[in-house]
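Asks: Starting off with a structure, shown below.
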Amino acid sequence: MNAMDEPLNLVLFSGTDDKLQAAAVLAAGAAALGKPVNVFLQYWALDAFSKGKIDGDHGLAPEAGAEGRAAVDALTKAGQASWAETLRQAKELGSVDIQACSLSMDLLHLEPEDLDPLVDGTEGVTAFYLNAGEGQVVFI
Amino acid sequence: MNAMDEPLNLVLFSGTDDKLQAAAVLAAGAAALGKPVNVFLQYWALDAFSKGKIDGDHGLAPEAGAEGRAAVDALTKAGQASWAETLRQAKELGSVDIQACSLSMDLLHLEPEDLDPLVDGTEGVTAFYLNAGEGQVVFI
Amino acid sequence: MNAMDEPLNLVLFSGTDDKLQAAAVLAAGAAALGKPVNVFLQYWALDAFSKGKIDGDHGLAPEAGAEGRAAVDALTKAGQASWAETLRQAKELGSVDIQACSLSMDLLHLEPEDLDPLVDGTEGVTAFYLNAGEGQVVFI
């Protein structure tokens, strides 16, 4: 068995732009290498994928501070792709499936039509594990 | 070898109720599928498992904001099981072993009798790795 | 194949001293068991490895609070090794390779000479995956 056949499974929990960007880069890198990627959206990460919010400002991790904020803003001004754009590109590069966690959909009172088209569907944790197979599970 | 025989190993570091709930759902889902689960408690997650605190309010991730706080409170009022209750149910469903990290016990000046009965014992990082075997390690 | 031959791959994102200490303990424990460890530094974790900052105070996770701050300070006064020192020891114990993420180097306007000698080099996400092989990927 080639481990490259097993998917990379990213559980996204955090909703700040820096963590979502780190996650998008990990997803795109794996997709570019031909590895299938499953993304499971929970809590504040799911909230960030809702239609009205995906292109907004979701803040940074607290330790970023003013210096970190300025560094991120400078890259954005210089034309760096947003995490949403990076994920869109990753979907074109390879197999990237993005699912909303059904429990978090209930928590946030979201319906499928409230989510950005980047999100492919909604599933429970059991389906997530079954799709994950023997591949890595990474919580971000 | 069936990967389902290998344990899922959750290193819990964060002590907020939202991350602990996400961890409990991942543990319960794996247990329901017959996968053994090892939980290793460090830092603020360990603190949250101490007797006087386990049923208290441990806050949320900073990005939750007032809207996230309200959503979590509404689910609690609607009768959602707490993360501690979800872990108790996971222990009834399958094999879930919860160990306190001995270094974090020292840090927080905790003795085994200070911990909620959900915690099965105390171990060092070497024992954690040996129990983890070839299974996934997920840091939350 | 012995899973112990596969590396443990730690993606360090967070820059607070408590998470970096947790990561250092996981790295040292794996190294002591003979497992190769790859560390990939992104965002605020990379910032914490820069020369002028590595021995400074990088704060704690928000949920630490005043009580957690006091507990960490007490251990430091009692002579606990810092996370940087723990990583230096891990490098003596076993095979620990620490690489800066090239995208994060750009973000923070860092050059290789700005980093502490603990950092072995700079690489992109593709190289990270190729070095990770079939080993665990843990995001901290």
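Asks: Quote the total accessible area buried by chains B and A together, excluding ligands, DNA and RNA, probe 1.4 Å, nearest 100 Å². Could you put the intermediate results ahead of the total?
Replies: Details: alone 7610 and 7580 Å², together 13070 Å².
When B and A are taken together, about 2100 Å² of accessible area is lost.
Asks: In the structure displayed, which of A:Lys35/B:Lys35; A:Lys51/A:Lys91; A:Lys35/C:Lys91; B:Lys77/C:Lys19; A:Lys19/B:Lys53 lie more than 27 Å apart, Cα to Cα?
Replies: On the way: A:Lys35/B:Lys35 24 Å; A:Lys51/A:Lys91 18 Å; A:Lys35/C:Lys91 31 Å; B:Lys77/C:Lys19 33 Å; A:Lys19/B:Lys53 29 Å.
Beyond 27 Å: A:Lys35/C:Lys91; B:Lys77/C:Lys19; A:Lys19/B:Lys53.
Asks: Take the alpha carbon atoms of the stretch B:103-134, find their center, do the same for the stretch C:33-84, and report the distance between the two centers in whole angstrom.
Replies: A separation of 20 Å, based on Cα centres.
Asks: Now for a separate question. How much accessible surface does A:Asp116 have with a 1.4 Å probe, in Å² rounded to 10?
Replies: Result for A:Asp116: roughly 20 Å² accessible.
Asks: Which is farthest toward the positive dipole end of the stretch B:6-106 among B:Met105, B:Gly56, B:Ala27, measuring Cα position about the Cα centre, with Cβ charges +1 (Lys, Arg) and -1 (Asp, Glu)?
Replies: Farthest towards the positive pole: B:Ala27.
Asks: Of all accessible surface on the stretch C:1-45 at a 1.4 Å probe, what whole percent is carbon and sulfur? Don't skip to the answer; put the middle values down first.
Replies: Numbers: 510 of 970 Å².
Percent of accessible area from carbon and sulfur atoms in the stretch C:1-45: 53.
Asks: Using θ = phi - 60° and the Karplus relation 6.51 cos²θ - 1.76 cosθ + 1.60, list the HN-Hα couplings for the stretch C:44-57 in order, rounded to whole Hz, with x at every Gly or Pro.
Replies: Per-residue couplings from phi come out as 6, 5, 4, 3, 5, 8, 7, 3, x, 10, 4, 9, x, 9 Hz.
Asks: Can you list residues from other chains, or at least 5 along the same chain, whose modelled amide H is less than 5 Å from the amide H of A:Val11?
Replies: It is A:Phe40, A:Val138, A:Phe139, A:Ile140, by chain and number.
Asks: For C:Thr126, which inter-copy label distances result when the label point lies 7 Å beyond Cα on the Cα-to-Cβ vector, reported in nm to one decimal and in ascending order?
Replies: Label point to label point, same position, other copies: 4.1, 4.1 nm.
Asks: Right, another one. Per residue of A:60-71, how many C-beta atoms from partner chains lie within 10 Å of its own C-beta, taken as a mean? Mind dumping the intermediate values first?
Replies: Details: counts 4, 11, 11, 15, 4, 4, 0, 2, 6, 0, 0, 7.
Counting Cβ atoms of other protein chains within 10 Å of each residue's Cβ and averaging gives 5.
Asks: To the nearest 10 square angstrom, how much accessible area does B:Cys101 have with a 1.4 angstrom probe?
Replies: 10 Å²
Asks: Given points 7 Å out from each Cα along the Cα-Cβ axis, report the A:Ala66 to C:Ala127 separation in nanometres with one decimal.
Replies: Between A:Ala66 and C:Ala127, the label points sit 3.5 nm apart.
Asks: At 222 nm, what value in deg cm²/dmol follows for chain B if DSSP H runs of at least 4 each add -39500 (n - 2.57) and the sum is divided by all its residues, to the nearest 500? Mind dumping the intermediate values first?
Replies: Details: 6 runs with 60 residues, N = 140.
Calculated at 222 nm, the ellipticity per residue is -12500 deg cm²/dmol.
Asks: Per residue, how big is the convex hull of chain A when only Cα atoms are used? Give it in Å³. List each step's numbers first, then the result.
Replies: Details: hull volume 14.7 nm³, N = 140.
Once divided by residue count, the hull of chain A is 105 Å³.
Asks: Continuing with the same structure: Per residue, how much accessible area does chain A show when a 1.4 Å probe rolls over the protein heavy atoms, in square angstrom? Display every interim value, and only then the final one.
Replies: Values: 5480 Å² over 140 residues.
It amounts to 39 Å² per residue over chain A.
Asks: On the first, second and third principal axes, largest extent first, how far apart are the outermost C-alpha atoms of the stretch C:1-76 in Å?
Replies: Taking max minus min along each principal axis of the Cα atoms, the stretch C:1-76 gives 47, 24, 20 Å.
Asks: Continuing with this model, one more query. In nm to one decimal, list the spacings between the B:Ala74 label point and its equivalents in the other copies, with label points set 7 Å along Cα to Cβ, shortest first.
Replies: Between copies, matching label points for B:Ala74 lie 4.1, 4.1 nm apart.
Asks: Residues of B:46-59, mean number of Cβ from any other protein chain within 10 Å of their own Cβ, rounded to a whole number?
Replies: On the way: counts 0, 6, 1, 0, 0, 0, 0, 0, 0, 0, 0, 0, 1, 3.
What the average comes to for B:46-59 is 1.
Asks: Give me the dipole magnitude in Debye, nearest 20, for chain B about the Cα centre, with unit charges on the beta carbon: positive for Lys and Arg, negative for Asp and Glu. Walk me through the numbers before you get to the answer.
Replies: Numbers: 8 positive and 21 negative charges, 60 e Å.
Dipole magnitude for chain B comes out near 280 debye.
Asks: With +1 on each Lys and Arg Cβ and -1 on each Asp and Glu Cβ, and nothing else charged, work out how big the dipole of the protein assembly as shown is about its Cα centre, in Debye to the nearest 20.
Replies: Numbers: 24 positive and 63 negative charges, 15 e Å.
Using Cβ point charges on Lys, Arg, Asp and Glu, the protein assembly as shown gives about 80 debye.
Asks: Let me ask another. Only counting protein heavy atoms at a 1.4 Å probe, give the residues of the stretch B:125-140, ordered by number, whose accessible area falls by 40 Å² or more when the other protein chains are present relative to the chain alone.
Replies: Going by heavy-atom accessible area, the residues of the stretch B:125-140 that drop by at least 40 Å² are B:Val125, B:Tyr129, B:Glu134, B:Gln136, B:Val137, B:Val138, B:Phe139.
Asks: Here is a follow-up. Can you give me the solvent accessible area of B:Leu107 with a 1.4 Å probe, rounded to the nearest 10 Å²?
Replies: The accessible area of B:Leu107 comes to roughly 10 Å².
Asks: Antiparallel DSSP bridges in chain A: what percent, to the nearest 5? Walk me through the intermediate numbers first.
Replies: On the way: 1 of 17 bridges.
Percentage antiparallel, nearest 5: 5.
Asks: Do me a favour and compute the ellipsoid semi-axes for the stretch C:71-140 from its Cα gyration tensor, root of five times each eigenvalue, largest one first, whole Å. Mind dumping the intermediate values first?
Replies: Working: eigenvalues 134, 58, 30 Å².
Each semi-axis is the square root of five times an eigenvalue, giving 26, 17, 12 Å.
Asks: Another one. Between C:Gln99, C:Gln80, C:Gln21, which gets the highest mean-square fluctuation from a Gaussian network model of chain C, Cα cutoff 10 Å?
Replies: Of C:Gln99, C:Gln80, C:Gln21, the most mobile in the Gaussian network model is C:Gln80.
Asks: Let me ask something else about it. Would you compute, for the Cα atoms of the protein assembly as shown, the largest minus smallest coordinate along each principal axis and list the three values in descending order, in whole Å?
Replies: Result for the protein assembly as shown: principal-axis Cα extents of 54, 53, 46 Å.
Asks: When chain A is turned about an axis onto chain C, which of its residues keeps its C-beta closest to that axis, and how many Å is it?
Replies: Taking the axis that maps A onto C, the answer comes out as A:Pro62, 3.
Asks: Still on this model: Using only alpha carbon pairs under 8 Å that are at least six residues apart, calculate the relative contact order of the stretch C:1-63 and give it in whole percent.
Replies: Computed value for the stretch C:1-63: 45 percent relative contact order.
The values are calculated or read from the model by the stated rules, or taken from the named source; none is laboratory data. Just so it is clear, the structure is predicted and the values come from calculations on it, not from any experiment. Neighbour counts run over all protein chains shown; Cβ positions are idealised from the backbone, glycine included. Each accessible area value is taken on the protein alone, full model and side chains, heavy atoms only, with ligands, DNA and RNA left out. Shrake-Rupley method; radii C 1.70, N 1.55, O 1.52, S 1.80 Å.
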